[in-house]
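Quick notes on the structure that follows.
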Amino acid sequence: MTTTKVTLGDVIDLERYPIDQLNSRKGRALIDFCHASLAFEGACQLAGFFRPEAVDRLVAEAQEKQSAAYRTDDTHNVYFEQVPSESAADNPAAVLQHSSKLTIAWDLVGEDSPLRVAYESDELTTFLGQALGMETFYRYADPLGAASLMIFNEGDELGWHFDRSPFAVTVMLHPVVFGGEYQYFHNLRTADNQNSSGVLAALRGEQPGRITLAGEPGALTMFRGQHSLHRVTPVEGAEPRINAVLSYSERPGDKLNALTQQLFYGRTA
């Protein structure tokens with residue numbers, strides 16, 4: 001019995017998003033749209049980027065491999081830095097956040113998985129690099145963290161934080177009805193101004209301008225989170241929130257060190 005090879009067109013809606021024809025009129029318009037969205041509010045979401053059949057396969061794969069996933073459950077501050085020993089009421093670094101989730105590492109993703117087909121394609125890498133305005137852009141070389149599946153069960157969340165990376169790329173696979181919302185404050189700080197008062201107000205629920213991304217199944221999101229405070233609200237109910245995270249770097253051959261691999265995946269490779 002022969003198995004039909006999964007192609008990029010089986011995974012990504014190339015008619016709607018011609019990432020394999022970026023020099024075409026529609027391809028250039030797509031890149032322009034991404035640039036404008038990222039400039040306007042720090043995020044670009046492409047609904048229906050992954051085809052429904054590919055989404056269904058990835059949800060099934062995540063559920064099948066959930067027992068092999070690594071669970072993290074930690075407290076941290078928004079900067080992922082050491083919490084000051086002497087807490088001041090006006091210091092956002094002293095406000096603890098909670099994050100917990102299950103992670104299915106890259107080496108557990110199937111050879112014929114839609115995630116692997118998409119991630120290993122030069123077409124997607126080239127498109128994302130151009131859409132994000134990167135001069136150099138490479139797939140991550142880490143055997144555990146190149147791309148992964150994230151599962152948020154009831155009570156799981158990502159607490160408010162700023163990213164250390166200049167960009168993040170995710171694909172929503174299975175949103176939930178209650179909770180699990182992706183919320184952020186666009187450019188709440190800058191490279192020259194940490195805006196501690198604004199960050200503290202956001203943590204207290206007193207800062208205006210909070211944005212919530214819709215997160216439909218199959219939607220690809222590019223996000224700039226270094227200066228935009230963001231979180232995933234706690235999941236409510238028995239249905240899990242599942243998404244894929246695709247990692248890239250400005251440098252070729254980039255990978256996690258052993259300590260970070262152990263922290264994120266519970267093992268080294």
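The values are calculated or read from the model by the stated rules, or taken from the named source; none is laboratory data. Since this is a predicted model, take the numbers as computed values, not measurements. In this analysis, Cβ positions are derived from the backbone assuming ideal geometry, glycine residues included, and neighbour counts consider all displayed protein chains. All accessible areas refer to the heavy atoms of the entire protein, side chains included, with ligands and DNA or RNA removed. Shrake-Rupley method; radii C 1.70, N 1.55, O 1.52, S 1.80 Å.
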Counted residues in segment 76-116 being within 14 Å of D156 (Cβ to Cβ) and touching a Gly at 6+ places or on another chain (Cβ under 9 Å) come to 5
Taking segment 18-52 and keeping only residues that are without any contact (Cβ under 8 Å) to a residue 40 or more places away in the chain and either of a type in the set (D, E, K, R) or part of a loop (DSSP other than H, G, I, E, B) (or both), one is left with P18, Q21, N23, S24, R25, K26, R28, D32
inquiry  = Being surrounded by 15 or more Cβ atoms within 10 Å (Cβ to Cβ) and modelled with pLDDT of 95 or more: is that true of G159 here?
reply    = yes
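Per-residue answers, yes or no, for (1) open to solvent by 30 Å² or more (accessible area, probe 1.4 Å); (2) over 16 Å from the mean Cα position of the chain (by Cα):
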position: A191; (1), (2): yes, yes
position: L220; (1), (2): no, no
position: Q226; (1), (2): yes, no
position: L229; (1), (2): no, no
position: T233; (1), (2): no, no
position: A244; (1), (2): no, no
position: T260; (1), (2): yes, yes
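So which of A214, A219, A238, A201 ends up being over 30 Å from A60 (Cα atoms) and aliphatic (A, V, I, L, M)? Lay out the reasoning, then the answer.
Values: A214 fails: over 30 Å from A60 (Cα atoms); A219 fails: over 30 Å from A60 (Cα atoms); A238 fails: over 30 Å from A60 (Cα atoms).
Answer to the selection: A201.
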By residue number, the members of segment 80-98 that are more than 28 Å from the chain's Cα centre (by Cα) and in contact (Cβ under 8 Å) with a residue 40 or more places away in the chain are D90
Within segment 84-114, of all residues that are open to solvent by less than 60 Å² (accessible area, probe 1.4 Å) and part of a helix (DSSP H, G or I), the one nearest to Q262 (Cα to Cα) is W106
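Of A43, A39, which residue is among the small types (G, A, S), over 22 Å from V117 (Cα atoms) and surrounded by 15 or more Cβ atoms within 10 Å (Cβ to Cβ)? Give the steps one after another, and end with the answer.
Numbers: A39 fails: surrounded by 15 or more Cβ atoms within 10 Å (Cβ to Cβ).
Sole residue among the options that is among the small types (G, A, S), over 22 Å from V117 (Cα atoms) and surrounded by 15 or more Cβ atoms within 10 Å (Cβ to Cβ): A43.
Hey, could you check segment 53-79 for residues that are part of a loop (DSSP other than H, G, I, E, B) and among the aliphatic types (A, V, I, L, M) and say which is surrounded by the most Cβ atoms within 10 Å (Cβ to Cβ)? Walk me through how you get there before you give the answer.
Initial filter on segment 53-79 (part of a loop (DSSP other than H, G, I, E, B)): 65, 69, 77-79.
Next, only the ones that are among the aliphatic types (A, V, I, L, M) stay: 69, 78.
On the way: A69: 20, V78: 23.
Checking each candidate, the answer is V78.
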Taking segment 3-30 and keeping residues hydrophobic (A, V, I, L, M, F, W, C) and surrounded by fewer than 16 Cβ atoms within 10 Å (Cβ to Cβ) leaves A29
When (1) closer than 28 Å to A131 by Cα; (2) at pLDDT 95 or above; (3) of a type in the set (A, V, I, L, M, F, W, C) are applied to A214, the one that fails is (2)
